[in-house]
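Asker: The structure is given below, and queries will be raised subsequently.
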C-alpha cells in the first residue's frame, strides 16, 4: 500500500491508440510529453484543469509501458490532487489503468486517502470501427483515511466517516459503443475522432452504507492521440494544450 492523491477526470482521461500498430507513436508513450485538459462544469463554465506528464517509457515482450504523472487544479490554479499510474500498448491496443479515470468529484473527497488497488485496464482496440463495442472495464480499491471525511460518492449524500475510517470504491464502465466518426477541433488542434458512448457506475462503501451513482457519458477518441473531449451530466472536458 502506498499513499498518493487520487487523480480524476470527468468521465475519462487522456488516452490513445495508434493506427499503424506502432506503440511508440502513442502520444502518452512519448517521454516528457505534457498534455493539458480543461474541465468545465455542467453550465459550460471553466472549473479547473488536469495536466498529464509522461515520465518513463519501457518495452518488454512486445508490450510498451509508460508511467504517467497527473495533477488536477481548480479554477484558481490551486493543486487539488496528484497521481501516478500506468499505461500499456501491445499490438496497437492501448490500455489505461482505470485509477486515472475516476470522476472529477472523487479527487476532492478522497484526495488524501491511502490507497490499495490492483491495476485494472480499459482497452481501446487498434482496429476499432463504427458499430463496435469495446470491452467493458471495472476496478475496486480500498481507501484508508487518517481522519473524518465524506461518506458518499459524487452527487450523493451519506454520513461522514469517523476518524481513521476505511472505505471501498468500485467503478464499472459498461455498454461502450462506437456510434460515429466526427471531426473535433479544440485550441490544441483538429482530429478525426471516434464518438463513443458508455455508462459509468461508481460506488463507495463506508461501513454498512453504500450509495452507487450511475451516469451516461460520451467521449471523442482520436487514434494515436487519445480522448479529445468528453461530455456527461456533470460537465465536459477538452484537450487544450500539447507540449
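The values are calculated or read from the model by the stated rules, or taken from the named source; none is laboratory data. Keep in mind that what you see is a predicted model, and the values were worked out from it rather than measured. Cβ coordinates were reconstructed from backbone atoms using ideal geometry, including for glycine residues, and neighbour counts include every protein chain displayed.
Asker: If you check residue 76 against the conditions, is it surrounded by fewer than 20 Cβ atoms within 10 Å (Cβ to Cβ), at pLDDT 85 or above and farther than 18 Å from residue 235 by Cβ?
Answerer: In short, no.
Asker: Please enumerate the residues belonging to segment 108-131 that are part of a strand (DSSP E or B) and either at pLDDT below 85 or out of contact with any strand residue (DSSP E or B) (no Cβ under 6 Å at 6 or more places or on another chain) (or both).
Answerer: 114, 115, 116, 117
Asker: Applying the selection to segment 215-243, what residues are part of a strand (DSSP E or B), farther than 11 Å from residue 37 by Cα and at pLDDT 90 or above?
Answerer: Listed by number, the residues that qualify are 215, 216, 217, 218, 219, 220, 231, 232, 235.
Asker: Looking at segment 100-107, is at least one residue modelled with pLDDT of 85 or more and under 24 Å from residue 227 (Cα atoms)?
Answerer: no
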